[in-house]
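One structure below.
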Amino acid sequence: MLYVTVLLLSQQFEAAIEFLSRIEHFQSHAVHFAIGLQELGLLRLTESPRSRLLVRDSGGVHRLNYARLVISYTRRFSQTDPREALQYFFLLKGMEGRDGHDVFSLCVAELVMESREFALILGRLLPDGSRRPGAVDKFLRDTSELTAFVAAQAEAQGLYEDAVRLYDLCKDHEKVLTLLNQLLSSVASSPPSPQSQRDRLQQLAVALADRYKGCGHSAPHSLAHIFFVLLDIMTFFDHYHHKREDQALEVIQQLKLLPLVAGETVEQKVALFRTMEDEVRRCLPDLLLASMSLLYSQYCGTNAPSSRPGQQDGGQEAVRRKLRRQARTLITFAGMVPYQLPGDTNARLVQLEALMTS
C-alpha cells in the first residue's frame with residue numbers, strides 16, 4: 001500500500017485508483033474512492049468510455065476511464081441486485097457513450113436485457129392502462145424516453161417480443177402494432193402448443209387487444225384493423241387444428257377474406273385482397289388450404305348416413321352441391337388473386353376439389 005500512498009500524496013489519483021482496482025480485495029474501495037473524487041471534480045477522465053481503464057494523454061497526464069471502472073464493478077451483482085446496479089449507473093448519466101448515446105441509458109438497456117427484470121426496472125402497465133413505477137422512477141421524472149431507448153435497443157438486437165412490450169410500456173402504440181403484426185403473421189397458421197412462440201404472442205396480443213379496446217390507443221386505424229384481423233385468423237386456426245370444424249368455418253366466413261358466403265363474388269374478394277397489408281397476404285396460402293380441407297371434410301361427412309340426423313338424401317345432396325360450389329369458387333379465387341401461391345398449395349387445392357367432384 002506504500003505505492004498507493006505515494007500516488008495519493010502526489011495527487012496522482014487516477015493511477016492510485018487503477019492500481020487498487022487490480023487487487024480484488026480493494027476493488028470496492030477503488031470504485032467508491034473514485035466516486036467521491038469525481039463528485040468533488042478532482043478526477044481527470046478519458047474522453048471515451050471505450051478507452052482502457054488508465055491512459056496517458058498527449059501531455060503525459062494520466063486519465064481514468066470512470067465509466068469502465070463503475071460498469072466493471074457492477075457486473076458482480078447486477079444480475080442478482082439490479083436496483084443496486086442502477087444506483088451506480090446513474091452516476092454515469094450525462095456521459096457520452098457508444099454512437100453518442102448516454103452511458104446511463106446504455107447501461108440500463110443492457111441491464112434490462114440481461115436480467116429480464118422488465119417490470120422491476122422499468123415498471124409495467126396494468127389492465128386499466130395505468131403504469132406501475134419501476135426502479136428507474138427513483139432517478140427520472142419521466143421514464144418514457146428511457147423506455148423507448150431500451151425498446152429500440154431490443155428491436156435492433158432482434159428481440160422483437162421484448163421490443164413490443166417495451167414500446168407498449170412507453171405508449172408507442174404504432175411501433176407496438178407494427179412489430180406485433182409481423183410476428184403474428186409469421187405464426188398465425190401454426191398449430192397451437194403450450195409455451196410455444198405462437199402461444200406467447202397470442203396471449204400478449206389478446207391482452208393488448210382487451211386493453212386497447214377498453215382504454216384506447218394511438219396507433220393508426222389501418223394498423224389496428226390488421227391487428228384484429230390477424231387475431232381472428234389465429235382464432236380460425238385454433239379451431240381448425242383442434243378439429244372444431246363448424247366453429248372454424250363460422251370464423252372464416254365472418255372474416256370475409258375468402259368467397260365462401262352466398263352473394264359475395266370472387267371479384268369482390270380479389271379487390272378486397274388488393275387492399276390488404278402483407279401481414280394478412282402471407283396467411284393466404286394456409287387459409288386457402290385449411291378452408292378447402294374443411295369443405296372436403298364436411299363433404300365427406302355428408303356421405304355418412306348418421307352425420308346429419310333428420311336430413312333426407314335430398315337435403316344432403318343440396319349440402320354437397322353447396323360445398324362443391326364453394327370449393328370451385330376457392331379454386332377460381334386462388335387463380336385470380338394477385339399473389340404467387342406455392343406450387344404445392346395449388347396442387348393440393350386442386351386435388352381436394354377434384355375429390356369432391358369425382
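The values are calculated or read from the model by the stated rules, or taken from the named source; none is laboratory data. Nothing here was measured: the structure is a model prediction, and the numbers come from that model. Positions of Cβ are generated from backbone atoms using ideal geometry, with glycine treated the same way; all protein chains shown enter the neighbour counts.
Considering (1) under 29 Å from the mean Cα position of the chain (by Cα); (2) free of Cβ contacts under 8 Å to residues at least 40 places away in the same chain, the lone condition that residue 290 does not fulfil carries the number (2).
Whether any residue in the range 228-245 is farther than 28 Å from residue 334 by Cα, surrounded by 13 or more Cβ atoms within 10 Å (Cβ to Cβ) and modelled with pLDDT of 95 or more is what I want to check.
Among the residues of the range 228-245, not one is farther than 28 Å from residue 334 by Cα, surrounded by 13 or more Cβ atoms within 10 Å (Cβ to Cβ) and modelled with pLDDT of 95 or more, which makes the answer no.
Note on the range 289-312: among residues that are among the small types (Gly, Ala, Ser) and modelled with pLDDT of 55 or more, the one that is surrounded by the fewest Cβ atoms within 10 Å (Cβ to Cβ) is 304. Might you let me know whether the range 116-133 holds any residue that is farther than 18 Å from residue 157 by Cα, hydroxyl-bearing (Ser, Thr, Tyr) and either in contact with a Ser or Thr (Cβ under 9 Å, 6 or more places away or on another chain) or without any contact (Cβ under 8 Å) to a residue 24 or more places away in the chain (or both)? Yes, the range 116-133 contains at least one residue that is farther than 18 Å from residue 157 by Cα, hydroxyl-bearing (Ser, Thr, Tyr) and either in contact with a Ser or Thr (Cβ under 9 Å, 6 or more places away or on another chain) or without any contact (Cβ under 8 Å) to a residue 24 or more places away in the chain (or both). Which of the residues spanning the range 27-76 are under 36 Å from the mean Cα position of the chain (by Cα), hydrophobic (A, V, I, L, M, F, W, C) and farther than 22 Å from residue 100 by Cβ? None; the set is empty. In the range 183-211, the residue that is farthest from residue 242 (Cα to Cα) out of those that are polar (S, T, N, Q) and surrounded by 17 or more Cβ atoms within 10 Å (Cβ to Cβ) is 185.
Filtering the range 126-138 to residues that are at pLDDT below 95 and of a type in the set (A, V, I, L, M, F, W, C) leaves only 126.
Each residue in the range 259-287 was checked for being buried (at least 20 other Cβ atoms within 10 Å of the Cβ), within 25 Å of the chain's Cα centre (by Cα) and in a loop (DSSP other than H, G, I, E, B), and 1 of them qualify. For the range 144-160, what are the residues that are buried (at least 21 other Cβ atoms within 10 Å of the Cβ) and in contact with a Cys (Cβ under 8 Å, 6 or more places away or on another chain)? Selection gives 147, 151.
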